[in-house]
Amino acid sequence: MTTPTLTSKPVAGAETAPAGLPDVASLARLAGEFFAALPTSAAPAGVSNGLPLGLSHLGGPSQAGTPPQPPEPALAVGARAPALAPVAQTQTGQPDRFAQAAPAVAPRLGPLQGVPEGQAASAQAHAPAAPAAATASPFYFLGDEGGAARAYPGVAASPAGGAEDRVDARAFGLPGEDTLRALLAGPGTARGAGAPALARDPAPPSGARFYFAEPAPVPTGGAAGGPPPLDVNAVRRDFPILRERVNGKPLVWFDNAATTHKPQAVIDRLAYFYAHENSNIHRAAHELAARATDAYEAARDKVRRFIGAASTEEIVFVRGATEAINLVARTWGAQNVGAGDEIVVSHLEHHANIVPWQQLAAEKGATLRVIPVDDSGQLRLDEARRLITGRVRIVALTQVSNALGTVTPVREIVAMAHAVGARVLVDGAQSVSHLRVDVRQLDADFFVFSGHKIFGPTGIGVVYGKRELLEHMPPWQGGGNMIADVTFERTLYQPPPNRFEAGTGNIADAVGLGAALDYVERIGIDNIGHYEHALLAYATQGLLSVPGVRLIGTAADKASVASFVLRGYTTEEVGRALNQEGVAVRTGHHCAQPILRRFGVETTVRPSLAFYNTCEEVDLLVAVVRRLAGARR
């Protein structure tokens, strides 16, 4: 390549440069020519779009002084161009094993970002052909122990010459397929030659299947024209709190089942509301009331679309999932449950989906029945069939357990309940941020969730109810907004949803929830789910490799929760040790005492993951737990 020669050429209006030096305009022009002539080269190691991969404690541009954004702020992830492909370094200079392996799970997760896709495609096209693997792995993220040429580190070659949809175990620093088969098969199974000893305490029940041993479905979006592929580094830059430091260390937020953090788009939308739209809604004739009403009702429509409801009249705003369940129990329940009737819940329920039904049963003379779980933490459908009889009026069921992460067979239980004339309430507080929810496909009668569990504000939640049910339910609270006409002799109530929204609602946070749902939709809930699926698999294997760790909840289908206990330590001691390293986890009973006691424990350590977490953060968690285990071995 011939480097352009720098010469001085006067430009009209430019300042005169010192003798022998080019002027500024010429320098800019020649620099453009110089970089245009450069051959394609890899991005500097450890850099992904200006930010090293992994823990983002260096942060992005400061948010200070940022002016208020319009009602629909731009999304950093959605506005990026061009799409980028994997990078193999972190900001610590150490290889990011998950990033190396990520191309093999595409299109499940979409490409992680760092190198222009054109260059990656060129590298793959010029890579030496590799022989096909002898057998296909049943583990979606593992390949054979045998060596084979790869287009990328950790990606096995397919017979067609492309990247096969699996990853070599060594790219994760994990044992290979033979070792993992032995691990999952239970005690007494021979390990592969030279495999490390991986301890579990105790082993899962015989024949148990872990969800991460099953192939993940192919996600929509990405190159096919849907949402952009998930770039964890760009996502992290959207969350300003992830630049916080705790005890001098970068914050690692593994307490997402308790609450999720808020992207800048949500923070800006709240600020915009208070700066430009703040007013009470409905009835007033002035401009700000119209703006606030439009924003509030637009948020209701976003919720309707996000969960697949038929009408905005089926969407009621409340303070959160707890208030939502109480609303249904105190209205529909009080109206339809009587003496001798039965209410069915599951062993997995949060206290918020137990206590209101206990109270109702006590008041009405009804009986509370409980669907048990098996030794993996999954509901027993055979027992559900036995319990759901013609005496049952309502089944109240979580879709994802907040304590174990178990994903329950909601659709099957809804069908059982409807077959005997019972109604079903689905608690989606833990599912809505991880799984695609369609209330009409589930055929749920009621579905509830909290905004702060899906990257929205606290103090806002949702009740979905089928229109024909809401229309016949009595109001829960009395006051303004829920009335059509009031005299001293009688009151006429508004139709749903206003009937259930007495007084001034949480207008700003409803608008903020709408912004959070916009954010999730732009990234793609399927992209989020597939990324978290792989991250939980990675975290599970890391924890299983630590002697003395016992996982609580090993169901075949799980969302992003990895509850555990460590032999020789209280859960509070483990939590404090993690906090010293900046790692936030929840310890305690997680408001789910019955299910923890089912497994013989009162408390657990509960790391819970979100799509802004990384494998490097998981490595730190596992390293602290391993250090504790070694200290008392």
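The values are calculated or read from the model by the stated rules, or taken from the named source; none is laboratory data. Please read these numbers as outputs of a predicted model, since none were measured by experiment. Positions of Cβ are generated from backbone atoms using ideal geometry, with glycine treated the same way; all protein chains shown enter the neighbour counts. The accessibility values were calculated without ligands, DNA or RNA, using every heavy atom of the protein model including side chains. Shrake-Rupley method; radii C 1.70, N 1.55, O 1.52, S 1.80 Å.
One line per residue, one yes/no per condition, for (1) β-branched (Val, Ile, Thr); (2) in contact with a strand residue (DSSP E or B) (Cβ under 9 Å, 6 or more places away or on another chain); (3) in a helix (DSSP H, G or I):
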| residue | (1), (2), (3) |
| --- | --- |
| Ala334 | no, no, yes |
| Ala339 | no, no, no |
| Val345 | yes, yes, no |
| Asp375 | no, no, no |
| Asp382 | no, no, yes |
| Arg385 | no, no, yes |
Those residues of segment 284-312 which are touching an Asp or Glu at 6+ places or on another chain (Cβ under 9 Å), open to solvent by 40 Å² or more (accessible area, probe 1.4 Å) and under 12 Å from Gly465 (Cα atoms) amount to Arg304, Thr312
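Let's see how each residue does on (1) in contact (Cβ under 8 Å) with a residue 60 or more places away in the chain; (2) within 28 Å of Leu536 (Cα to Cα); (3) loosely packed, with under 15 Cβ neighbours inside 10 Å; (4) out of contact with any Phe, Trp or Tyr (no Cβ under 6 Å at 6 or more places or on another chain):
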position	(1), (2), (3), (4)
Ser376	yes, yes, no, yes
Glu383	no, no, no, yes
Gly390	no, no, yes, yes
Ser401	yes, yes, no, yes
Val407	yes, yes, no, yes
Arg411	no, yes, yes, yes
His418	no, no, no, yes
Within segment 314-332, restricting to residues that are open to solvent by 40 Å² or more (accessible area, probe 1.4 Å) and touching a strand residue (DSSP E or B) at 6+ places or on another chain (Cβ under 9 Å), the one that is farthest from Phe447 (Cα to Cα) is Arg319
Looking across segment 592-633 at residues that are acidic (Asp, Glu) and open to solvent by 20 Å² or more (accessible area, probe 1.4 Å), the single one that is nearest to Ser346 (Cα to Cα) is Glu602
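Condition (residue is assigned to a loop (DSSP other than H, G, I, E, B) and in contact (Cβ under 8 Å) with a residue 24 or more places away in the chain) applied to segment 481-492: is it met by at least one residue?
Checked segment 481-492: at least one residue is assigned to a loop (DSSP other than H, G, I, E, B) and in contact (Cβ under 8 Å) with a residue 24 or more places away in the chain.
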For Pro475, are the conditions met, namely being over 30 Å from Ala265 (Cβ atoms) and either open to solvent by less than 40 Å² (accessible area, probe 1.4 Å) or aliphatic (A, V, I, L, M) (or both)?
yes
Expected single match for within 23 Å of the chain's Cα centre (by Cα) and modelled with pLDDT of 95 or more among Arg291, Arg209, Arg269 is Arg269
When Ala329 is run through (1) in contact with a Phe, Trp or Tyr (Cβ under 8 Å, 6 or more places away or on another chain); (2) aliphatic (A, V, I, L, M); (3) touching a residue at least 40 places away in the same chain (Cβ under 8 Å); (4) assigned to a helix (DSSP H, G or I), the failure sits at (3)
Report task. Test Thr367 against the criterion of being of a type outside the set (Asp, Glu), touching an Asp or Glu at 6+ places or on another chain (Cβ under 7 Å), loosely packed, with under 15 Cβ neighbours inside 10 Å and at pLDDT 95 or above, and give yes or no. Result -> yes
So, first residue acidic (Asp, Glu) in segment 247-265, second residue open to solvent by 40 Å² or more (accessible area, probe 1.4 Å), Cβ within less than 6 Å, six or more apart or across chains; the pairs are Asp255/Arg586
Only one of Ser433, Ser450, Ser401 is of a type outside the set (D, E, K, R), in contact with a Lys or Arg (Cβ under 9 Å, 6 or more places away or on another chain) and within 15 Å of Val318 (Cβ to Cβ), namely Ser450
Inside segment 532-578, the number of residues satisfying the requirement of being aliphatic (A, V, I, L, M) and assigned to a helix (DSSP H, G or I) is 10
